[in-house]
Amino acid sequence: MAQEIAARPAATPAARGEDAHGGVGVTNTKLGMWLFLSSDCLFFGAFISAFLLYRGRDQAGPKPSDVFDIPFTSATSFILLMSSLTMVLALAAIQRGDHRRVRIWLLATALFGATFIGGQIFEFTEFSREGLKLDTNLFGSSFFVLTGLHGAHVTAGIVWLLSLWGLSLQGLLPTENAEKVEVAGLYWHFVDVVWIVIFTLVYLMPT
Amino acid sequence: MSDEVAPESGSSIAEKVEGEVEKVEGELEAAEHEVEEHLPEGAVTPAPGLLPGELYPHPSPFRYVMIAVILVVVTALEVSVSYLEGSIADGLIVFLLVVMAIVKFGLVASWYMHLRTDKPIFRNFFVLGIVAAIILYFVVLLTLHVFS
Amino acid sequence: MATATEVKPLPVVLRRPRATQGFWSWFTTVDHKKIGIMYSVTALAFFVIGGIEALLIRVQLAGPDGTLLTASQYNQLFTMHGTTMVFLMGMPLAVGIANYLIPLQIGARDVAFPRLNAFGYWVLVAGGLFLYSSFLFGGAPDGGWFGYTPLTSAPIAAGALPGHGPDYWAIGIAMLGIGSTTSAINFLVTIINMRAPGMTLMRMPVFTWMMFVVAFLTLFAIPIVTAALIMVYFDRNLGTGFFVGGVGGDPLLYQHLFWLFGHPEVYILILPGMGIVSEILPTFSKKPLFGYAVVVFSGIAIGFLGWGVWAHHMFATGLGPVAISAFALSTMLIAIPTGVKIFNWLGTVWGGSVRLATPMLFALGFIGQFTIGGLSGVLHSVVPSDTQQTDTYFVVAHFHYVLFGGLVFGIFGGLYYWFPKIYGRYMDERLGKLNFWTMVIGFNLTFFPMHFLGLWGLPRRTYRYDSGMGWDTLNLVATIGAFTIAVSTLVFLVNAIVSRHRGAPAPADAWDGRSLEWSIPSPPPEYNFAEIPTVHARDDFWHRKYTEDDDGRLVRLPAGGAVAVEERPTGGDDGGHGAPGGEHIHMPSPSFFPLVLASGLPFLGYAAVWKDVLWAIPGAALVLFGMYAWAMEPPTAEDS
């Protein structure tokens, strides 16, 4: 232990130029992630707006009520919500140094996320079978691009979480790196929150 | 690092050692910080036990589970309301759904993303992005006659 | 973090680069100063390329019925000219100067995320090369720098733009947007979190303040255009109907999304220039900036209000009277904070001890020419006027006056101003004045006549015009002006290249400046400040040098009475570790992986343009490998 501490370069984070604890008393990494999430709001907002703009404008092709399976999507939404719970439990675990639990909760989150994606894929293939594709009509265009981009965000998150899980397995995710789990969590919760908006505005809105 | 070396059964001795190490490392870091860099004016030294960026300690796991239960209940309510299409006015359904979505969004952001226990700067930037998105796209939709 | 026992020696290809000197070190550097230089040099190269495109356009339009270019070639040239000047010159040059200066001005050693900083630069290179490769692979983008739909979004088979130009354009700009976003996040976190003790927001130099606003604008505007570009790509290649009128889609949605980005974009372009002018004027008037707080708040106001004016680019699209009135009002409103800045600058110079060195000349040029551009902008805010002016050369005159007469002049001023800091040598003053005057003459000869040409009906974006319309003479004058600008640019390049090694040596405080960057050696050591300063006031460095006597005259303080200006470290530039006080300062280590990650992007781009999955494989491999290796690598090498 003493060897570890002595071996660390005698430079504070501020002098290293990364993760300064000066300034306004927050870490660079967390601040950076929140700024990124802030900008992602505008990204998703554009596609949500396109969807809302084109709602009800199709003259041909399937309408939402023709293809939506609300019970099924409610189930997948529930799973994604639960993944946020497991994510924050993973963070709580690493903050108290319980690394076994970290791995359990990280894996659970990734699995729930993968289940959600599996559900999306199933849903999309069902819709396609029922005649709704990317190029069928405005509903198809705006729906698949919006949910597809959301799914891409989730998938990237799953890869991220599995990477953290792998790091923890190798003993490379110590308690002092809790922030890595925290920022992954922020990203994950954001993706969940975007889904809350999508589920409401795309699936549940009356036509 | 003792984290990787400690047996996976989580024996209390190993955990205690872990805790000691973290305490010593934290103290060393603080001492280094003081010696090599001036603490900038206005910088907040986190209170003991708090991480940088936190104003209050994070919620407990029990709370997280409670929030999850509320989220599930609200989602069930949302789905139920959507099935009322035809029985009650569309405008009312829209209103209820939007309110419930905001509630869920707020719960996840405040509790799971720790906005209610962290320093306000994170919330301020996030809200800035959300508000900007809502206003700008609302004006676009308005101009394209979505609401007429 | 890996324990000491777990670190095995890595294969050579993965070993952390160590060099901070030498040619190859530039490819792995994470030093904000080197990155700033690379951004600026690359942007200047694109300035020349974009300028050549402009010269070709001007030759084609020098007389009626031009025959140098076909319509298709002309369309590619004006599209690439605009795209280049906005995305490959204007933004990167500002980012480059900001990269160099922001840490110096706030008393920091580097930016918040040094590797991310390098990544942003390599994305610029990747995106620029990707965009320009289109000339070789079937034709450059030809739908205008704004890419209106459905011209750009119609599928290749059905549309008016054959070839892959619009695809290169959509993907190229989206790619560049990644770098812009990471830069913005980097600057924001740096400015918020890494200021020296005592450097409150209201003590920051105005250039840093303006870049702070610019970073917010960038952060929120780029995602909007990225979304629009994705929709264009999907419409063109995957059959979606976002902008297809025939299935109920609305091409106007594109214009809204594009200009939601596009208008903040013009403020992203101009605010850095305004910041530079706000630094130069006080130094060369020996007076503080008149109304610092007002200048800062005007910048913030422009940042906010700039979001509310976008549809003034769409006055002729049939938005309806309510919408256009609202946007006309907001556009008039934004003239106020803009005008306020001009008065503050004039107030700064008035009564000052004015020194007309080259930086000052460019700054004064900015004020005059930007004002003219601003006035034509106010004319555009009046809807009936704009309806006549839109799509004519009057608009071309307007935006060149603000962007060239404004921004570019400001940037040149900044380059002359900070060159001595960067290289320890002044640029030649006589060549500088020649540069300035030929630029003023050339610029005004080129663009002033366009106000008339526009009002006399010459349309934009048209590859030739008929004779007998009364347009011939002024077009010829404009072309002569354009070549004068080219001469001026050559003078600048010669000046820069010669001065780099043979310019008059410059001290740390080359111009008797006011801000912190002048308190460290020229060129600065790798670690910038041997000791992070504590700031007690705005223009803290100035106040350490001067005080005022009872009559308000400046009195120089004795050198020992203030923090002494550090001399150049002995033994040459050895990375700073040998300098007094520099031994214990560990800077972030160089890294390959920003370059590796960025290099994967063009492969992904080609996969998307040519719809060939095979290209995605090396792209994905480079991106994933780059990401993982970067994530696993500590910011500072363990053994540095």
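The values are calculated or read from the model by the stated rules, or taken from the named source; none is laboratory data. Not measured: the values here are computed from a predicted model. Cβ atoms come from the backbone with ideal geometry, glycine included; neighbour counts cover every protein chain shown. We work out accessible area using only protein heavy atoms, side chains counted, and drop any ligands, DNA or RNA first. Shrake-Rupley method; radii C 1.70, N 1.55, O 1.52, S 1.80 Å.
What's the average, rounded to a whole number, of partner chain beta-carbon atoms within 10 Å of each residue's beta-carbon in C:190-203?
Partner-chain Cβ atoms within 10 Å, mean over residues of C:190-203: 5.
Could you list which residues have their amide H under 5 Å from that of C:Thr392, counting only those 5 or more apart in sequence or on another chain, with H placed in the peptide plane?
Answer set, sorted by chain and number: C:Arg460.
So what is the relative contact order for the stretch A:67-185, in percent, with contacts set as C-alpha pairs under 8 Å and at least six apart?
33 percent
Please sort C:369-375, C:265-271 by packing, taking for each peptide the average over its residues of neighbouring beta carbons within 10 angstrom, highest first.
So the order, starting with the most tightly packed, is C:265-271, C:369-375.
Treating only the Cβ of Lys, Arg, Asp and Glu as charged (+1, +1, -1, -1), what charge dipole size does the protein assembly as shown show about its Cα centre? Round to the nearest 20 debye.
Charge dipole of the protein assembly as shown: 1800 debye, to the nearest 20.
Compute the FRET efficiency between A:Phe72 and B:Ser110 as 1/(1 + (r/R0)^6), taking r as their Cβ-Cβ distance and R0 = 35 Å, and round to the nearest 0.05.
The formula returns an efficiency of 0.75 here.
Sketch the reach of a paramagnetic label on C:Tyr148 as a point 7 Å from Cα along Cα-to-Cβ, and name the residues of the stretch C:296-331 whose backbone nitrogen lies under 16 Å away.
Correct set: C:311-320.
Modelling each spin label as a point 7 Å along the Cα-to-Cβ direction, I'd like the A:Arg96/C:Ala504 distance in nm, to one decimal.
So the label points at A:Arg96 and C:Ala504 sit 7.0 nm apart.
Using a probe radius of 1.4 Å on protein heavy atoms only, what is the accessible area buried between chains B and A, both sides summed, to the nearest 100 Å²?
Using a 1.4 Å probe on protein heavy atoms, the buried area is about 5700 Å².
Which whole-number value in Å² is the accessible area per residue of the protein assembly as shown, probe 1.4 Å?
About 38 Å² of surface per residue is accessible.
Say R0 is 41 Å: what FRET efficiency, to the nearest 0.05, do C:Arg460 and C:Glu531 get from their beta-carbon distance?
0.15
Report, by chain and number, residues whose modeled amide H sits under 5 Å from the one on B:Glu54, excluding near sequence neighbours (fewer than 5 apart, same chain).
Here the answer is B:Lys119, since their amide H atoms fall under 5 Å of that of B:Glu54.
Give the carbon-plus-sulfur fraction of the accessible surface of the stretch C:111-167 in %, rounded to a whole number; probe 1.4 Å, heavy atoms of protein chains only.
Answer for the stretch C:111-167 is 76 percent, counting heavy atoms of protein chains only.
Given an 8 Å cut-off on Cα distances and at least 6 residues of separation, report the relative contact order of chain C as a percent.
That works out to 17 percent.
Average partner chain C-beta neighbours within 10 Å, per residue of C:618-631?
Taking all residues of C:618-631 together, the mean is 1.
Hey, how many Å between the Cα centroid of the stretch A:62-133 and the Cα centroid of the stretch C:58-83?
About 53 Å separates the Cα centre of the stretch A:62-133 from the one of the stretch C:58-83.
Using R₀ = 35 Å, calculate the FRET efficiency as 1/(1 + (r/R₀)^6) where r is the Cβ-Cβ separation of C:Met332 and B:Val131; round to 0.05.
It comes to 0.90.
Taking only C-alpha pairs under 8 Å that are 6+ residues apart, what is the relative contact order of chain A in percent?
About 28 percent, as a whole number.
Reported to two decimal places, what Rg/Rh ratio describes the protein assembly as shown when computed on Cα atoms with Rh from the Kirkwood expression?
Rg/Rh: 0.96.
Order of C:251-260, C:89-98 by packing, highest average Cβ count within 10 Å first?
Answer by packing, highest mean first, reads C:89-98, C:251-260.
Can you sort C:Tyr423, C:Tyr74 by 1.4 Å-probe accessible area, starting with the largest?
Result, largest first: C:Tyr423, C:Tyr74.
Which lysines have a Cα less than 20 Å from the Cα of C:Lys611, not counting those fewer than 8 places away in the same chain?
Within reach: A:Lys133.
Arranged from highest to lowest average of other beta-carbon atoms within 10 Å per residue, in what order do the peptides A:180-189, C:129-138, C:438-447 appear?
A:180-189, C:438-447, C:129-138
What list of ³J(HN,Hα) couplings, whole Hz, do you get for the stretch A:31-42 from phi and the Karplus terms 6.51, -1.76, 1.60, once you set θ to phi - 60° and write x for glycine and proline?
Per-residue couplings from phi come out as 4, x, 5, 5, 5, 4, 4, 4, 6, 5, 4, 6 Hz.
Using alpha carbons only, how many angstrom separate the centre of the stretch C:501-540 from the centre of the stretch B:73-143?
50 Å
In peptide C:217-229, how many Cβ atoms from other protein chains are near each Cβ within 10 Å, on average?
Partner Cβ neighbours, averaged per residue: 5.
Run the numbers for C:Arg553 and C:Ile52: contour at 0.36 nm per residue of separation, minus the present Cα-Cα distance, in nm.
Contour length minus Cα-Cα distance gives 175.4 nm.
What's the total accessible area buried between chains C and A, using a 1.4 Å probe, rounded to the nearest 100 Å²?
Chain pair C/A: roughly 3800 Å² of buried accessible area.
Take C:Ala293 and C:Arg15, extend 7 Å from each Cα along the Cα→Cβ direction, and tell me the distance between the two endpoints in nm.
5.8 nm
Suppose each label sits 7 Å from its Cα in the direction of the beta carbon; what would the C:Phe343-C:Ile617 distance come out to in nanometres?
6.7 nm
Can you list residues whose amide H is under 5 Å from C:Gly144's amide H, if they're 5+ apart or on another chain and H is modeled 1.01 Å from N?
Here C:Thr79 satisfy the definition.
What residues of the stretch C:270-295 lie in the reach of a label at C:Asp512, counting those whose backbone N is under 17 Å from a point 7 Å from the Cα along Cα→Cβ?
Output list for this probe position: C:280-289.
Can you give the net charge of the other residues whose Cβ lies under 12 Å from the Cβ of C:Thr392, counting K and R as +1 and D and E as -1?
Result for the neighbourhood of C:Thr392: 0.
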